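Enquirer: To start, I am sharing the structure in question, which I have written as structure tokens.
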Amino acid sequence: MHTIRVKGGFRNVSPEMVTLAAVAVVQFMVSLDLSVVNVGLPQIAAGLGFSAVGLTWVIHAYALTFGGLLLLGGKAADRYGRKRVLLLGLGLFGLASLLGGFAQEPGHLVAARAAQGIGAAALALLAVTFPTGRARVRASEYGAR
């Protein structure tokens, strides 16, 4: 248990709740990234000279690597530790975002988006941290609020 100070006293916070908060922040960051990229697609196409077909790869490179490696992210968390995998995923996601921002060619941006998908695969931690049953249902309820 972790103890945090709240107005009027102290409150105990379980490690699972700290993990849930971290995963929620990661999920927000990933969702925000998807929204920003979707809104910016016309400017991205004009700035880097994407064709209509090539522009779809800005979205699909991310989605394919993220979805394809999500189970591997969970397995890596089991093997190497949840915190280590989460921090590695966040670092990779942030670095890939930076590289995507400096992309000068369409291929550079697609590669950066694929690397972001690899980093985002650290989100498998929610299913690993909260076992099947009541704990996962409660975690999902907090996520739905």
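The values are calculated or read from the model by the stated rules, or taken from the named source; none is laboratory data. All values reported here derive from a predicted model rather than from experimental measurement. Please note: Cβ atoms are built from the backbone with ideal geometry, for glycine as well, and neighbour counts cover all protein chains shown. Keep in mind that these areas ignore ligands, DNA and RNA; they rest on the heavy atoms of the full protein, side chains included. Shrake-Rupley method; radii C 1.70, N 1.55, O 1.52, S 1.80 Å.
Enquirer: Might you let me know whether region 96-106 holds any residue that is in a helix (DSSP H, G or I), touching a residue at least 40 places away in the same chain (Cβ under 8 Å), closer than 20 Å to Ala122 by Cα and open to solvent by less than 60 Å² (accessible area, probe 1.4 Å)? Full working, then the answer.
Expert: Here is the first cut: in region 96-106, the ones in a helix (DSSP H, G or I) are 96-101, 106.
Those left that are additionally touching a residue at least 40 places away in the same chain (Cβ under 8 Å): 97, 106.
Keeping just the survivors that are closer than 20 Å to Ala122 by Cα gives 97.
Still in the running and open to solvent by less than 60 Å² (accessible area, probe 1.4 Å): 97.
Among the residues of region 96-106, at least one is in a helix (DSSP H, G or I), touching a residue at least 40 places away in the same chain (Cβ under 8 Å), closer than 20 Å to Ala122 by Cα and open to solvent by less than 60 Å² (accessible area, probe 1.4 Å), which makes the answer yes.
Enquirer: If you don't mind, there's one more thing I want to ask. Mind listing whichever residues of region 66-113 are among the aliphatic types (A, V, I, L, M) and within 22 Å of Gln43 (Cα to Cα)? Explain how you work it out, then say what you get.
Expert: To start, the set of residues in region 66-113 that are among the aliphatic types (A, V, I, L, M) comprises 69-72, 76-77, 85-88, 90, 92, 95-96, 98-99, 103, 109-112.
Selection gives Leu95, Ala96, Leu98, Leu99, Ala103, Leu109, Val110, Ala111, Ala112.
Enquirer: Is it true that Gly40 is more than 15 Å from Ala114 (Cβ to Cβ), touching an Asp or Glu at 6+ places or on another chain (Cβ under 9 Å), modelled with pLDDT of 90 or more and not aliphatic (A, V, I, L, M)?
Expert: no
Enquirer: If you don't mind, there's one more thing I want to ask. If you scan region 52-74, which residues turn out to be more than 16 Å from the chain's Cα centre (by Cα), open to solvent by 100 Å² or more (accessible area, probe 1.4 Å) and touching a residue at least 40 places away in the same chain (Cβ under 8 Å)?
Expert: Within region 52-74, Trp57 is the sole residue that qualifies.
Enquirer: Which residue pairs have Cβ atoms under 6 Å apart, sit 6 or more places apart or on different chains, and have a first residue in region 21-46 that is farther than 20 Å from Leu95 by Cβ and a second that is open to solvent by less than 60 Å² (accessible area, probe 1.4 Å) and β-branched (Val, Ile, Thr)?
Expert: The qualifying pairs do not exist here.
Enquirer: Let me ask you something else. Could you list, in sequence order, all residues of region 11-51 that are touching a helix residue (DSSP H, G or I) at 6+ places or on another chain (Cβ under 9 Å), of a type in the set (D, E, K, R) and farther than 25 Å from Glu105 by Cβ?
Expert: Glu16 - this is the single residue of region 11-51 that is touching a helix residue (DSSP H, G or I) at 6+ places or on another chain (Cβ under 9 Å), of a type in the set (D, E, K, R) and farther than 25 Å from Glu105 by Cβ.
Enquirer: Consider region 108-123. How many of its residues are modelled with pLDDT of 95 or more and open to solvent by 40 Å² or more (accessible area, probe 1.4 Å)?
Expert: 2
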